[in-house]
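Since the structure comes first, as structure tokens, the remarks are kept for the end.
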Amino acid sequence: MSVFKQLLNRRMSDQEDRLNHELDNLQRVMEDEAFQNSLLDDKTAAEVARGDSVDALVMSSGAFGFDPENPIPVNGPLGAVTYLSRLKTHSGERLLFQCVGRKDGVRVFECVTYSGRRWFVLFLHIYHPRKSTFLPDGFEFSGDVAMFSGFVDASLDFPKDYQQRVDKLDDRIKAAYATQARLGGNIGASSFVRPLAHWAKLDALAVRGFR
């Protein structure tokens, strides 16, 4: 084998090693709860470590995920993103989402299907060492490794400013986010308009102290 071919093969091998390393890191960000917890700030990590490893909170009431008294347990903000990114409706639609309020350990996420047809408000409790395996009524988990599709902060332009928000994220998790093409190409379309009933839910939660 010529020296050139040896160098070329070595270069291709190095590229494959780097790609495999990046894919391994990506998989850890998306699936490994211990690794997700290692990325938490010290204060949140301490709260997560003290939390219960449960699928539902003890003494909870109301519809799971849809009532602030029965939030979905997850492992920190990144756990919330991972959990919601894996959800799909029974008709197969995935969700875009953002956090629009908080009160104690409960976070309020507004969610909309990729098509823009259906809007939801879901509640998650973020101080637990793992994510719940339970599902809100009307949803199921996707069978594949789902790319991230939401945020732990809020924007009035949601979800039309999706790509701009992804571009500002930490490089360690940016690669885990779905591209706009993967989201169906509807981002920025006029179809993403919050229904009046959805606005009413958000207003009612603000009155209850979720801000």
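Worth a mention:
- Number of residues in region 84-125 that are in contact with a strand residue (DSSP E or B) (Cβ under 9 Å, 6 or more places away or on another chain), touching a residue at least 40 places away in the same chain (Cβ under 8 Å) and polar (S, T, N, Q): the value is 3.
- Selected residue (only one of Phe97, Phe120 is open to solvent by 10 Å² or more (accessible area, probe 1.4 Å), at pLDDT 95 or above and closer than 27 Å to Ile187 by Cα): Phe120
- Check on Ser132, crowded, with 20+ Cβ neighbours inside 10 Å and either among the polar types (S, T, N, Q) or modelled with pLDDT under 95 (or both): yes
- Breaking point among (1) surrounded by 15 or more Cβ atoms within 10 Å (Cβ to Cβ); (2) of a type in the set (Gly, Ala, Ser); (3) assigned to a loop (DSSP other than H, G, I, E, B), for Ala63: (1)
- Residue ranges of strands (runs of 3 or more DSSP E) in region 80-160 with at least 2 members touching a helix residue (DSSP H, G or I) at 6+ places or on another chain (Cβ under 7 Å), aliphatic (A, V, I, L, M) and closer than 18 Å to Gly62 by Cα: 119-125
- Filtered residues of region 68-94 (kept if open to solvent by 10 Å² or more (accessible area, probe 1.4 Å) and farther than 24 Å from Ile187 by Cα): Pro68, Glu69, Asn70
- Pairs, first farther than 18 Å from Asp32 by Cβ and aliphatic (A, V, I, L, M) in region 130-154, second assigned to a loop (DSSP other than H, G, I, E, B) and open to solvent by less than 50 Å² (accessible area, probe 1.4 Å), C-beta under 8 Å, six or more apart: Leu135/Phe64; Leu135/Gly65
- Qualifying residue in region 30-39 (condition: modelled with pLDDT under 90 and in a loop (DSSP other than H, G, I, E, B)): yes
- Of the listed requirements (1) free of Cβ contacts under 8 Å to residues at least 40 places away in the same chain; (2) hydrophobic (A, V, I, L, M, F, W, C); (3) part of a strand (DSSP E or B), Ala45 misses just one: (3).
- One residue stands out among those in region 160-192 that are at pLDDT 75 or above, touching a strand residue (DSSP E or B) at 6+ places or on another chain (Cβ under 9 Å) and of a type in the set (Val, Ile, Thr): the one that is least open to solvent (accessible area, probe 1.4 Å), which is Val166.
- Of all residues in region 168-179, those that are within 18 Å of Leu84 (Cα to Cα) have Cβ atoms under 6 Å from Cβ atoms of residues that are not in a loop (DSSP other than H, G, I, E, B), 6 or more apart or on another chain, in Ile173/Val29; Ala175/Leu26; Ala176/Leu26; Ala176/Val29; Ala176/Met30; Ala176/Phe148; Tyr177/Phe148; Tyr177/Val166.
The values are calculated or read from the model by the stated rules, or taken from the named source; none is laboratory data. Just so we're clear, the structure is a prediction, and the values are computed from it rather than from any experiment. Ideal geometry is used to build each Cβ from the backbone, glycine not excepted, and the neighbour counts take in all protein chains shown. Quick note on the areas: whole protein, heavy atoms, side chains included, nothing else; ligands and nucleic acids left out. Shrake-Rupley method; radii C 1.70, N 1.55, O 1.52, S 1.80 Å.
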